[in-house]
1. Evaluate the distance, in nm, between pseudo-label points positioned 7 Å from the Cα of Ala73 and of Arg245 along their respective Cα→Cβ axes.
2. Which of Glu231, Glu316 has the fewest other C-beta atoms within 10 Å, and how do the rest follow up to the most?
3. Express in nm, to one decimal, how much length is gained between Ser343 and Lys45 on full extension, taking 0.36 nm for each residue of separation and deducting their alpha carbon distance.
4. Give me Cys105, Cys132 ranked fewest to most by other Cβ atoms within 10 Å of their Cβ, as a rough exposure proxy.
5. Want the number for Ser323 to Glu124: 0.36 nm per residue separation, take away the alpha-carbon distance, what's left?
6. Between Ala34 and Ser162, what length comes free when the chain is fully extended (0.36 nm per residue of separation minus the Cα-Cα distance, one decimal in nm)?
7. Taking the number of other C-beta atoms within 10 Å as the exposure measure, put Leu216, Leu367, Leu122 in order starting with the fewest.
Amino acid sequence: MSGLKELLKKGLGLGDMAFNAGGGAISWFPGHMAAATRAIRHRLKLSDLVIEVRDARIPLSSANADLQPHLSAKRRVVALNKKDLANPNIMHKWTHYFETCKQDCIPINAHSKSSVNKLLELVEFKLKEVICREPTLLVMVVGVPNVGKSALINSIHQIAKSRFPAQEKMKRAAVGPLPGVTQDIAGFKIAHKPSIYVLDSPGVLVPSISDIETGLKLALAGSVKDSVVGEERIAQYLLAVLNTRGTPLHWKHLNNRRIDGIKYEAEENHEYSLKNLKPKRRNPPNRSDLVYVEDLVMGVQHALYSTVTEFNGNVEDESDLESLIDLQFSALQKAMKIPHKASEARLMVSKKLLTLFRTGKLGPFILDDVPDVKPVS
């Protein structure tokens, strides 16, 4: 991946976005994050256990480094959320890594009741030694923006209401695709005898990110607002990752009939918006919409597969990789049927490509590499 590393050293044009070793104040750390960080640190002292929610696609990059010294001193369960978007062939290596580090870890899907139930069972097991001597226990949920904390809280609410129907009506946590939706800390009772309260908290990032690649991974996963970095720059990074990993070559084996260019008849003037791919939308896609999305995905995969197989350069070379990415933007514009003269064609390509990635339509991924760990003797 030397080509990608060289591009990252250049910053993919991101040097002015403060993804640099110098750090410093940057625009994604608004006042409410600073206040929330102070509040979280204070409430951590009162908490009996912490559920640290991370994005399963970036198990390390989605950790808030500033909070780690405080979190490591507490009973903690690391919940790797969005496991449905993460590569299952690698996920077991991550759980083994956390086990080696003597850290409780569980991959979850916050929208799955059975998955959240398993998390709660682990939490209750971890609290077992405290339950016998404390009448009231506090469990705090923390994490960076857009890792799915609010979705998890809402699922816990549903489970709690089924367990304790007489319990007072609980307010649902606000859920949205943009980072920073939850802006204050709220507590919710989830159990009686002993009383267990879950404290939700807003997603907070560190004031600066010293590592360019970590910043780009957070942006790609949606933990940093697209407007801070720019969709085109994030899409460039995504294409660089796909190319250096040889991912488009694997798509050849997914569906040869479609990849080889034999497509279903496309519907004209389709009004379906990719925004409807977001989870838990009120109006899920119908069959026609699903065919449209499938055609779009296959068109994207075919475009990237073709550009990689026809490319004579070396993706490990920085300039060659940049050239390939430029070719792929043109191929994607054609595949997505974006007007050739559109002044914002690359931006429109980037937005659609990022939506397909973030909703798992391009396949499951884990962007972080599993660290080498010494076996426990």
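Since every read-out is calculated from the coordinates, none of them should be taken as a lab result. Predicted, not measured: the structure shown is a model, and the values here were computed from it. Cβ sites come from the backbone with ideal geometry, for glycine too, and all protein chains shown count toward neighbours.
1. Going from the Ala73 label point to the Arg245 one covers 3.7 nm.
2. Working: Glu231 20, Glu316 15.
Neighbour counts put them in this order, fewest first: Glu316, Glu231.
3. 102.0 nm
4. On the way: Cys105 20, Cys132 8.
Listed from fewest to most nearby Cβ atoms, that is Cys132, Cys105.
5. Values: separation 199, 0.36 × 199 = 71.64 nm, distance 5.33 nm.
In short, 66.3 nm is gained.
6. Values: separation 128, 0.36 × 128 = 46.08 nm, distance 3.62 nm.
Net length gain for the segment: 42.5 nm.
7. Leu122, Leu367, Leu216
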